[in-house]
Amino acid sequence: FYLKQGLKLDYYLPLVGGLLLVKQHQTKYSDVNYWMKSLIRENPKKRVLMTTALGNAYLVLLEHKLVEEFYKNFNMYEKDRFIMYNFLRVFGNGIFFVEGDRWKLHRRILSDAINFENLKKMTPIVMEAIKEHFDEMTQQKRLNKVGIMNEFQKITGDIVLKAFFGSTFSKEIFYGKPLTIFLANYFEDVTTQPLRNPLTFLIGPQIIDYNLTANDRRVNGQTKALKDLARKTIEKRRKEAEGAYSKGEDRKDLLDFILNYNAKNKDDPLSDEEIIDTFITVFLAGMDTTSHLLGLAVYYLWKYPEMELTMIISS
């Protein structure tokens, strides 16, 4: 079908197709998208990448007009079952995946919570997270050699944790690591989990539910433990807040805002599972995109110092 429309097949192998490249490059470069990036560098004017996997054709849209068309008509396109299966397991009840009236409800609550006035109130949280991080780097004498992207991920992850669950939750030690560091590694594990089990290519991604491999048992166990921790935190905060919302006390973070909404709308509240999955969605989106934006901004300001001077003068 796609070949008849003039699209070129960029990579083909019987049955597994592009999934073999994904697995090879994850092992060699720690980057599941390395093959796509290589093709884009070689063909900067390319509009679409196409490969096959498990008998299906897969398109990767590169041109912004095609991406815009996709999002304008999102419901017309089938979501990739293999790639999305694990995401649905981990945060399928969050705003990214819910549809219809539930999506409208999620959107309304988050839009009310994350508005300009509430973001201004979070400024002390942002400043506290940055100060704590730089104090730690100074104490550990890590200022001479800094991995910019990793450090920004730690900062932005910590800010999202504090903005959603409060400062106490962000100080949790989970599997021997600060929760921010654990979550950054955990999301990489979730993304690559189906690729690390050979049976997923033969049977389908649902096989990871059965804990047949050591990696599946590890990642599935972490998913359960993370959700249990979040569930206990929500229940504790719910009990602590009983009566506080009705008195009009100031809300400290996003969880406060959601629990306040639930207290006032008992006929149509967000369930604990929806709150947890929304947190995971917000953390993933807030940590990864913001840290990459800041990291690239620092890189280009270093590369073009005259622009840094212009920015300093204009501010």
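The values are calculated or read from the model by the stated rules, or taken from the named source; none is laboratory data. Source: prediction; values computed, not measured. Please note: Cβ atoms are built from the backbone with ideal geometry, for glycine as well, and neighbour counts cover all protein chains shown. Keep in mind that these areas ignore ligands, DNA and RNA; they rest on the heavy atoms of the full protein, side chains included. Shrake-Rupley method; radii C 1.70, N 1.55, O 1.52, S 1.80 Å.
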Arrange the residues I95, I130 by how much accessible surface each exposes, largest first, with a 1.4 angstrom probe.
-> I130, I95
Computed on Cα atoms, the radius of gyration and Dmax of segment 129-196 in angstrom are 13.2, 40
Distance check, please: which entries in K120/K177; K177/K303; K131/K236; K171/K236 exceed 22 angstrom between their Cα atoms?
-> K120/K177; K177/K303; K131/K236
Can you flag which of K23/K162; K145/K227; K8/K37; K162/K224 are past 28 Å Cα-Cα?
-> K23/K162; K145/K227
Debye intensity ratio in log₁₀ form over the Cα atoms of segment 252-315, taken at each q of 0.12, 0.26 Å⁻¹ | -0.55, -1.06
According to a simple spin-label model (label point 7 Å from Cα along Cα-to-Cβ), what is the distance in nm between A214 and L88?
-> 3.1 nm
Sequence of D216, D10, D135 when ordered by accessible area, the most exposed leading, probe 1.4 angstrom = D135, D10, D216
What is the Å³ per residue value for the convex hull set by the Cα atoms of the chain?
-> 187 Å³
Using alpha carbons only, how many degrees (0 to 90, rounded to 10) separate the axis of helix 305-314 from the longest principal axis of the chain?
-> 40 degrees
If the chain between L199 and F134 were fully extended at 0.36 nm per residue, the gain over the current Cα-Cα distance would be 18.9 nm
The chain: calculated mean residue ellipticity at 222 nm from DSSP helix runs of at least 4, using -39500 (n - 2.57) = -20500 deg cm²/dmol
So how do M287, M149, M36 rank on accessible area, 1.4 Å probe, biggest first, that is with the largest at the start?
-> M149, M36, M287
Between D272 and Y299, what is the label-to-label distance in nm when each label sits 7 Å out along the Cα-to-Cβ direction?
-> 4.2 nm
Full extension from K45 to K177: what is 0.36 nm times the residue separation minus their Cα-Cα distance, to one decimal in nm?
-> 43.2 nm
Backbone N under 19 Å from the E188 label point (7 Å along Cα→Cβ), restricted to segment 205-226 = 215-223
Portion, in percent, of the accessible area of the chain that falls on carbon or sulfur, probe 1.4 Å | 59 percent
Compute the distance in nm between two label points, each set 7 Å from the Cα along the Cα-to-Cβ direction, one at K141 and one at E242.
-> 5.3 nm
For the chain, the longest principal axis of the Cα atoms and the Cα long axis of helix 214-240 enclose an angle in degrees, to the nearest 10, of 30 degrees
